[in-house]
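Structure first, commentary second.
We did not get these values from a lab; they are worked out from the coordinates using the rules stated. Everything quoted here is computed from the prediction, not taken from an experiment. Methodologically, a virtual Cβ is constructed for each residue, glycine included, from the backbone with ideal geometry; neighbour enumeration extends over all protein chains shown.
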Amino acid sequence: MNPVSFLAQMVRIAIPYLFAATGGVVAERSGIISLELEGLMLVGAFSATIGTHYSGSPWIGVLCGILGGLIFGLVHALATIRYRADQVVVGIAINLLAIGVTRFFLKLAFASSSNSPRINGFGGRAAAHGFDNPLLWMGLLAAPVLAFFLYRTPFGLRVRAVGEHPGAAASVGVSVNKIRYIAVAVSGMLAALGGVFLALDQHQFTDQMTSGRGFIAVAAVIFGRWDPVKAGLACLFFAAAETLQIQLQGNHVIPSQFIEMIPYALTIIALAGLVGRAVAPAALGKAVE
Amino acid sequence: MTASSVPTGNPAIRMTGIEKAFGSVRANRGASLEVQQGEIHALVGENGAGKSTLMKILGGLQPPDAGTMEVNGKDVTGWSTSDAIRAGIGVVHQHFMLVPTLTVAENIVLGMEPVKGGRFDYRKAVDEVKTLSHNTGLEVSPDRKVADLSVGEAQRVEILKTLFRGAKILVLDEPTAVLSPPEVRDLWTVLRGLRDAGGTIILITHRLDEVIDISDTITVMRAGQTVTRLKTTETTPSEIAKAMVGRDVALTSRDEAGILTTPAHGGAIGQPPRDDEASAINVTNLCVLGSRKTIEVDGVSFSIRAGEILGIAGVEGNGQTELIEALAGLRRIESGSVRIDGKDVTFRNVGERRTAGLSHIPEDRHRRGLILDYSVADNLVLGLQADFVDKGLLDTDRINANAEAQIKAFDIRPPVAGMPARNLSGGNQQKVVVAREMGGAFTVLLASQPTRGVDVGAIEFIHSRLREARAAGKAILLVSAELNEVLALADRVAVMYRGKFVAVVPASEASEESLGEYMTGTRKESAA
Amino acid sequence: MNTRTKEQLEEALFPPLVALLVALIFGDLLIMSYGQSPAMVYKLLLQGTWGNAYGFGQVLYKSTTLAFTGLAVSLGIRAGLFNVGAESQLAAGGFLAALVGLGLSPAVPGIIAVPLCMIAAAAGGGIVGAIPGWLKVRFGAHEVIVTIMLNFIVLALLNYIVAAHLHVPETLHTPEIHAGSVATLASIIPAFHGSAANFTILFALIAASVVGIYLFRSRRGFELRAVGLQPDAAEYGGVSVGGVWLRAMTISGAIAGLGGINYVLGYKHYYEEGFTGGAGFLGIAVALVGRNHPLGVVLAALFFATLSQGGLAIHAFVPKQMVEVLQGVVILAVAMSVPEVRAVLRRARKPVTA
């Protein structure tokens, strides 16, 4: 096995996870459950495809992708914060909505129910192994940058306080809802970038192209114990397992389905506290009056 | 030491005619408060007198329904939390408002973090907290996580939090409820220091010894109203107690009269049962842990005879809740035993204890006693559901017949079996619980705060039911935060303090003053 | 069950009505974005579903699975649990039903084979449901995350078994079952010819009645709902909260698993990878819109089946994907209006003081 190609493939698989998982961390640390990462990624991928297709510039695509994620993130925020809707239900609804919306507009824009035409992307020189893609570097930096914000800025302190004990934050005049709105909006944009990377990397949008990646990101958030860097490492680990499975394909050492199970099984084990307890932010899932 | 400052100009706080209702409960009914700058002002009253509500309004957590409030002569009626903080009001809540996963320094600066180049300057936060901590005598290490602090330390963080925000008027809600005596002494030193530096302090409490100890001026509240305002140097504990309990309230005078005129029961009033005598419930060396794994019930033993009411007096949080839960089968018993009618039920579950003859009026009807979305009829069989089964299904006819009978017997209004319990008034909700627990066969009744938050009519009704049950030969364990309720109903009174029975006396020999000393731990005596 | 009050009915009925209205408005916008007339498209949608026997048969077929998964999710919610695992429970149920159907001899009569396959389906779903229930009771692991993760694990496992050992070459499905088939409705009513509607729909209706009796007339149901509303009060009433959680998750999984019989016994007569097609997730929507009441769930299942089949009927004018958007809108609107409606109604009526 060639280590360079292994690393390149692993990173390429990991980038969507990294964007989505950091998005999940920021929303969940503020107390809002993020089951909608899958939908946000899908919307990001589709918006980026539209933007790139009509402008020819992948950078416009990136902006459109972020905008799409922002809009869906704000819908999520409005439903869960303003209307105190059940966060799990809203997450699932956003996922369904994202599938429907992307399919509908795929049909409207490109008269296809499976995929878009080919679009431009970033980089692509064979020798660079994908490392000439600026989005790839953004993805690798997402987790450390979020860690900086979360642990080293006043805003991060407030996010952590709001997710743990909203009452305490409110008692010193911190606006709990404002912090949550911002966190969920940021989460929407970050998760969408995961989808943007996918679409630009594959040079097209295909129906349901995220195929469960958003849930792997959810798994990484929990397995990484709601810490951006640990969640990022979990993403890299999951991606490594997948890469291994792809590169070993044909060897039939382990059936691919069992490799697929790894992130999910590890998450359940972490939740059950068998390998150190994964403790969620205390106010996760709780709406405030 | 206790000379209060002479009023000069505007008082620091003036609240007048404050009204506040939560649903059908009127927490404040024209309450008023006037506090001078530079004094320690005690706000006293029984549980539910409306003290905390008044302070929440002052701190901007809730707007008043009516009334006005002024701070330093400025009208601030209905302001927000951040307005209050900016104006120098700091509230230390009974339940700490601290983020357990953050450090002391992070908690203190939250919302006004020192910033350097866009970053949160944590070192500076630590330094500032250290300085503040040193200047005020509130010693606590800024780098520790709040989750690792003792309760006393956490309280210091709460006070530092308000001082960091420049609080000049400090409100402390029952600050000593969770403190050990040395911690209380330290707190007094700190508060006096703050006062001498020109600070104003409002202390909410219902412990009279503390009031005498620390305050300069006293405001007494009762049933949502301000009763009187006293100078500490010019009053006595008994005068304060009388104001708190209120001689002119119909309910209390009736109950006090009850003590004097109604011999509680037979000739055996107040005599502790001898061991050889058959008792309905027998508890030996009971030890129970609280939710935080601390010992909350520490080797309690007692028996109650048939036809006797044992009242437990004590400041809330001294193990009464855990004791009742352990007896009811809702909390694990670490050691000791419980026998009902001679049968050991120490390791029996809730249902088995009920079968053994135990009934239980829980302290919180909204959390435990009722399922608010269930109908009155369904609530009247909660816990008895196994007895209302016919051919594998719930016997609706019998459930409804039971409901009709109980509604009539206990005068539950409106008399609609199908109405959700949520829609009843507090008094009628409690009657549903009482009907279920006392309307059938039982040997022993645990009655925890049986009249909390209910109207006068319902209190009277429930009291007479308890007396009738005693006359019918039931054994009753009564826990109440209302001392006069315990005195009015019980044959014997046990005082619980820090998980132990510190005194057990016949009700005829008990007085509010003598019990008060036991309740506050100023007097100790081995349990009978 | 005692008579529900008018207020409780209002709290239950307003949110779905609000959601329907919102969905109609969104539908108008989507249809007009495609340059079509909403009135025409809605008319077409109704004609293609309730307007002809084939379309109606398809609605009945689709609503059968949705009724099972909707009942499963709603029973969990009644116990205060969110079962997001109906998708994999449904798959596991269908798989085990097919396995038993394959294992039986063709000579076994339907009166024996069908119940055996159904027991297998319930067992398959029940096991998948019991795992998160047990993990919650034993370790406090949150059932939402566990059921989501289990979806992927169980589906991967089933895919592996079928792909590695059971599939008909060149397909993703097992061979046809030998015993346990359930007749189509067309065998009695020829007008349904061509539609997938079959007699498993009767089992769905029976399941709805049984769930209704269990929840509202049995002691266990009384206790289950008590745990869902106020666990502390249920514990006070002598109910083992953990026991109810485990039981509720197991029953919920079993009901979802039973949904597998619609496809496996009634329609294709084999297990196929991906036959669930999101019916497990849509079960959440069905439970939500049906307000967790068996009758509401059946009606909501018909509603979502109508939307889904209606999408095909309008496809020539507006992409059928429109109905997927509307599904999401309906769920969002119900979720958002439930707390809002309750708050408004409770503010409007004061507690009765006597």
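What lysines could a cross-link reach from B:Lys343, if we take a straight Cα to Cα line under 22 Å and drop same-chain neighbours fewer than 8 places away?
The reachable lysines, counting only those whose Cα sits under 22 Å from B:Lys343, are B:Lys474.
Among the lysines, select those whose C-alpha is under 18 Å from the C-alpha of A:Lys178, and discard any that sit fewer than 8 residues away in the same chain.
Result set, ordered by chain and number: A:Lys286.
Take every DSSP beta bridge with both residues inside chain B and express the antiparallel ones as a percent of the total, to the nearest 5.
55
With a cut-off of 14 Å, note down the residues of region B:205-245 whose backbone N falls inside the zone around a label point 7 Å from the Cα of B:Phe22 toward its beta carbon.
B:224
So in the protein assembly as shown, what percent of DSSP beta bridges are antiparallel if you round to the nearest 5?
60
Could you state the number of Å between the C-alpha centres of region B:430-456 and region C:184-225?
Cα centroid to Cα centroid, the span is 44 Å.
A 30 angstrom limit on the alpha carbon distance is what I want to check against. Which of B:Lys56/B:Lys408; B:Lys51/B:Lys431; B:Lys20/B:Lys500; A:Lys107/C:Lys62; B:Lys161/B:Lys242; B:Lys124/B:Lys293 exceed it?
In this structure, B:Lys56/B:Lys408; B:Lys20/B:Lys500; B:Lys161/B:Lys242; B:Lys124/B:Lys293 lie more than 30 Å apart at Cα.
To the nearest whole number, what is the average tally of beta carbon atoms from other chains within 10 Å of the beta carbons of peptide B:342-353?
That average works out to 1.
Please turn the phi angles of region B:135-145 into ³J(HN,Hα) values with the Karplus equation 6.51 cos²θ - 1.76 cosθ + 1.60 (θ = phi - 60°), one per residue in order, whole Hz, x for glycine and proline.
In residue order, the calculated couplings are 5, 9, x, 8, 6, 6, 7, x, 8, 7, 6 Hz.
Give the calculated FRET efficiency between A:Asp132 and C:Ala164 to the nearest 0.05, with a Förster radius of 45 Å applied to their Cβ-Cβ distance.
After rounding, the FRET efficiency stands at 0.65.
DSSP H helices in chain C with Cα extent of 20 Å or more along the helix axis and mean Kyte-Doolittle hydropathy at least 0.5?
What comes out of the filter, once short or polar helices are dropped, is C:6-33, C:53-78, C:86-103, C:110-139, C:143-161, C:200-217, C:241-258, C:294-313, C:321-348.
Using alpha carbons only, how many degrees (0 to 90, rounded to 10) separate the axis of helix B:181-196 from the longest principal axis of chain B?
Computed tilt is about 40 degrees.
Can you give the calculated 222 nm mean residue ellipticity of chain A, where each DSSP H run of n ≥ 4 adds -39,500 (n - 2.57) and the sum is split over every residue, rounded to the nearest 500 deg cm²/dmol?
-23500 deg cm²/dmol
Hey, what angle do you get for helix B:250-261 against the long axis of chain B, alpha-carbon based, 0 to 90 degrees rounded to 10?
Taking the Cα atoms of chain B, the angle to B:250-261 is about 50 degrees.
By a straight-distance test (C-alpha under 15 Å), which aspartates and glutamates pair with B:Lys145 as possible cross-link partners, with residues fewer than eight away in the same chain excluded?
Partners within reach: A:Glu164, B:Glu106, B:Glu153, B:Glu158.
In region C:4-61, which trypsin sites (Lys or Arg not before Pro) fall in coil by DSSP and have 10 or fewer other Cβ atoms within 10 Å?
none
With unit charges on the beta carbon (Lys/Arg positive, Asp/Glu negative), name the residue among A:Val145, C:Val244, A:Met189 whose Cα is farthest towards the positive pole of the charge dipole of the protein assembly as shown.
Toward the positive end, the furthest listed residue is A:Met189.
Is the shape of region B:399-453 best called rounded, prolate or oblate, per the rule: a/c under 1.5 gives rounded, else a/b larger than b/c gives prolate, else oblate, with a ≥ b ≥ c the square roots of the Cα gyration tensor eigenvalues?
Oblate is the answer for region B:399-453, as a/c is 1.5 or above yet b/c matches or exceeds a/b.
Report the calculated FRET efficiency for B:Asp148 and B:Thr294 (r = Cβ-Cβ distance, R0 = 22 Å), to the nearest 0.05.
Efficiency computed from Cβ-Cβ geometry: 0.90.
Considering only DSSP states other than H, G, I, E and B, which trypsin sites (Lys or Arg not before Pro) in region A:196-289 qualify as loop sites with at most 16 other Cβ atoms within 10 Å?
Answer by residue number: A:Arg225, A:Arg277, A:Lys286.
Give the separation of the Cα centroids, region A:219-249 to region B:47-113, in Å.
45
Given Cβ point charges of +1 (Lys, Arg) and -1 (Asp, Glu) and nothing else, what value in debye, to the nearest 20, does the dipole of region B:396-498 about its Cα centre take?
It comes to approximately 200 debye.
Compute the semi-axes of the equivalent ellipsoid of chain B, taking the square root of 5 times each eigenvalue of the Cα gyration tensor, and list them largest first in whole Å.
Taking √(5λ) for each eigenvalue gives 43, 25, 25 Å, largest first.
Is chain C best put as rounded, prolate or oblate by its Cα gyration tensor, with a ≥ b ≥ c the root eigenvalues, rounded for a/c under 1.5, and otherwise prolate when a/b is larger than b/c, oblate when not?
In terms of gyration-tensor shape, oblate.
With charges only on Cβ, +1 for K and R and -1 for D and E, what is the dipole size of region C:66-346 about its Cα centre, in debye, rounded to 20?
760
What percent does the relative contact order of chain B come to when contacts are Cα pairs within less than 8 Å and at least six residues apart?
About 14 percent, as a whole number.
Classify region A:85-127 as rounded, prolate or oblate from the Cα gyration tensor: take a ≥ b ≥ c as the square roots of its eigenvalues, call it rounded if a/c is under 1.5, otherwise prolate when a/b beats b/c and oblate if not.
oblate
Put +1 on the Cβ of each Lys and Arg and -1 on the Cβ of each Asp and Glu in region A:150-230; which of A:Val221, A:Gly163, A:His203 then has its Cα farthest toward the positive end of the dipole?
The listed residue farthest towards the positive side: A:Gly163.
From a point 7 Å beyond the Cα of B:Ser337 in the direction of its Cβ, which residues of region B:293-321 have a backbone N at a distance under 16 Å?
Answer for region B:293-321: B:300-304.
As a test, work out the antiparallel percent of DSSP beta bridges whose residues both lie in region B:13-246, rounded to the nearest 5.
Around 55 percent of the beta bridges assigned by DSSP in region B:13-246 are antiparallel ones.
State which helices in chain A qualify, where a helix is a whole DSSP H run, it must extend 30 Å or more along its own axis by its Cα atoms, and its mean Kyte-Doolittle hydropathy must be at least -0.5.
Qualifying helices, which must be both long enough and hydrophobic enough, are A:3-29, A:87-110, A:176-202.
Name the longest site-free stretch of chain B, where the excluded sites are trypsin sites (Lys or Arg not before Pro) in a DSSP loop with no more than 15 other beta-carbon atoms within 10 Å.
Segment B:1-143 is the longest.
How large is the charge dipole for region B:13-246, taken about the Cα centre, if only the Cβ atoms of Lys, Arg (+1) and Asp, Glu (-1) carry charge, to the nearest 20 debye?
420
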